[in-house]
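The next block holds one structure in the form of structure tokens; read it before the comments.
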């Protein structure tokens, strides 16, 4: 998935966030934001045009040197960091003034959805700002350490840092009285059904999805090129591949469920209702996985189906524990089942 698409999504997120802030405190919004949304949307659109200029420039010249591409990419990240940082500064001014009741008689009520959704978008913007700093630092390290310049290694480090950072931010914000606490908000709560039944039902769903997915992927006449496949092929370190495997099987399922089916589902459900939350979370989950599977539409479709199944489990069980277990079984299954199929095929040939 192109970085250009992410920038456009960021513009829409900024537009939505400013609309929420205006809803919370209209008079203060006018004082803090001045010219309002159009001017700030223009600021956010700046990196979009810069990225478009980069694509046009590289297209006309037939591609620039690695140094030129790195310089353009760094410039884009610095501009974006400046825009997001300025926006966060204004946003913090708004929050501080609103907290002291300036320009408004709007009262925060228990589990107020407007303040919840505002906190959620605030987390996203803070996360983006921190990730921009991290990516720039990682890019600087890569310039001075070519031996550590494997794409998969950098992707793994970035993915782990971003996921843990988001969970830490969620843990911090759920201390607010608007929420029932971290564990209850993200759905990591005990269930009434027995442990054996929980493991069996979640395992059956995960194993079933993994089996169907594996057969569909292996029945294809050819395997499309994807960014993930290319990174795996280009990696010559068995240690990096082992870390990738451990991350995919043991770390990612829990963190992704806390983030998607946990916190953001809780907030969106209270803001727009259960039906909207199911579609929004499932589609967002698949959208954010498109980058690694770009070019393989079957894989993207499978991830979308998985997203809907996991989100429906969250709704039906009122807990993320079943979706966490299903996610663990599915990720393990799509690794193990293809190997078992190949071994079976070799034994019968």
Hey, could you check region 242-271 for residues that are farther than 21 Å from residue 326 by Cα and in contact (Cβ under 8 Å) with a residue 24 or more places away in the chain and say which is surrounded by the most Cβ atoms within 10 Å (Cβ to Cβ)?
267
Hey, any hits in region 178-196 for a residue that's over 21 Å from the mean Cα position of the chain (by Cα), outside the structural domain of residue 309 (by TED's automatic domain parsing), more than 19 Å from residue 317 (Cα to Cα) and in a loop (DSSP other than H, G, I, E, B)?
yes
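The values are calculated or read from the model by the stated rules, or taken from the named source; none is laboratory data. Predicted model only: the values in this text are computed from it and were never measured. Glycine also receives a Cβ, built like all others from the backbone with ideal geometry; neighbour counts cover every protein chain displayed.
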